[in-house]
Amino acid sequence: NALVLGENLDAMTAEVAKFAPVLAADHLALAAPVADRWAHVIAEVARAQNAELIVATSTTWAKDIVGRAAGLLGGAMASDVIGHEMVDGELRLRRPMFAGAVNATIVLEGSPKIITVRPSAYDTPTPASTPFAIDPVAIDPDALPNATQFESLDRKTGARPDVTEARIVVSG
């Protein structure tokens with residue numbers, strides 16, 4: 001299942017439904033990028049679905065949200081995963097450590113397992129010929145954390161791609 005959060009998600013959920021069944025948390029209270037609210041929804045949905053594995057893209061934003069969700073769920077977390085394998089029913093994750101000097105293979109103990117994956121680590125899947133189902137997630141805005149309020153978003157834009165998302169990096 002893919003969980004999509006925000007407001008006015010029809011186009012996004014239709015796109016995501018090409019790849020997996022969608023749980024759509026579409027509500028005005030999730031319109032602003034407030035990490036504690038989104039983490040709360042992720043944790044609630046994970047509990048309701050009895051999720052054993054939660055995966056997100058390894059971005060600064062996702063690490064903030066998913067890290068908070070991991071804290072709420074009490075699971076085990078690994079970030080920047082670049083590969084995986086199943087060995088005797090055990091999920092083994094590969095991730096860089098020590099500023100990329102080594103790649104380690106790790107096993108997470110506990111449940112749920114929460115991981116962030118580098119965007120360039122896996123090939124893009126092929127879309128399904130028939131879209132998957134889109135199911136709404138009920139949002140109670142009064143139950144969401146409200147200690148943080150969104151004010152504005154400042155971001156640097158540049159023509160250069162993010163080096164963490166590159167398949168090949170050439171330097172001199």
Can you confirm whether residue 119 is part of a loop (DSSP other than H, G, I, E, B), under 21 Å from residue 7 (Cα atoms) and either touching a helix residue (DSSP H, G or I) at 6+ places or on another chain (Cβ under 6 Å) or among the aromatic types (Phe, Trp, Tyr) (or both)? no
Looking only at the range 80-116, count every residue that is more than 17 Å from residue 56 (Cα to Cα), of a type in the set (A, V, I, L, M, F, W, C), open to solvent by less than 70 Å² (accessible area, probe 1.4 Å) and in a loop (DSSP other than H, G, I, E, B) and tell me the total. 1
Tally of residues being in contact with a strand residue (DSSP E or B) (Cβ under 6 Å, 6 or more places away or on another chain) and surrounded by fewer than 12 Cβ atoms within 10 Å (Cβ to Cβ) across the range 120-162: 1
What do you reckon, is residue 51 over 20 Å from residue 112 (Cβ atoms), assigned to a loop (DSSP other than H, G, I, E, B) and either touching a helix residue (DSSP H, G or I) at 6+ places or on another chain (Cβ under 9 Å) or touching a residue at least 60 places away in the same chain (Cβ under 8 Å) (or both)? no
For the range 27-43, state whether one or more residues are closer than 23 Å to residue 90 by Cα, open to solvent by 30 Å² or more (accessible area, probe 1.4 Å), of a type outside the set (Lys, Arg) and not in a helix (DSSP H, G or I). no
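The values are calculated or read from the model by the stated rules, or taken from the named source; none is laboratory data. Computed from a prediction, not measured in an experiment: that's the story for all the values here. Note that each Cβ is placed from the backbone with ideal geometry, even for glycine, and that neighbours are counted across all protein chains shown. We work out accessible area using only protein heavy atoms, side chains counted, and drop any ligands, DNA or RNA first. Shrake-Rupley method; radii C 1.70, N 1.55, O 1.52, S 1.80 Å.
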